[in-house]
1. Among the numbered criteria (1) part of a helix (DSSP H, G or I); (2) farther than 18 Å from M72 by Cα, which single criterion is violated by Y39?
2. Any chance segment 95-105 includes a residue that's β-branched (V, I, T) and assigned to a helix (DSSP H, G or I)?
3. Got a number for residues in segment 48-78 being open to solvent by less than 70 Å² (accessible area, probe 1.4 Å), outside any loop (DSSP other than H, G, I, E, B) and not small (G, A, S)?
Amino acid sequence: MACDGVAAWLLLLGCAGIMRSRHLVHTVVSLSVAQAGTYVLLLAIGYQDQAGAPIVTPGQAQPVVDPMVQAMTLTDIVVSATITALLLALTLQISRRHGTVDPDELRALRG
């Protein structure tokens, strides 16, 4: 399925961005891109061709989509937004305390 390839490319693109990043905000955005790959992967797993909404009526012959996958995707989005907000807040604190958001310059502070 094509969605699996999209999910893999988003994950690889995000991981490459994390490895090549020279700015903490860029690292956080790259992590968000990698997490977007999990949304696509979850939705690709739960996709069923010609399936209807998960509302079953008596005598219904049409297959329905599993609502658990959709709930897991929404949970993943909420967790991702929370992690992104937390990491951006930490980046702001690092910038205020150390005057830089370059990870190479922060390594010199370990002493």
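1. Going through the list (1) part of a helix (DSSP H, G or I); (2) farther than 18 Å from M72 by Cα, Y39 breaks only (2).
2. no
3. Residues that pass the stated criteria total 5.
The values are calculated or read from the model by the stated rules, or taken from the named source; none is laboratory data. Just so you know, these numbers come straight off a predicted model, no measurement behind them. Accessible surface is based on the protein model in full, side chains and every heavy atom, while ligands, DNA and RNA are left aside. Shrake-Rupley method; radii C 1.70, N 1.55, O 1.52, S 1.80 Å.
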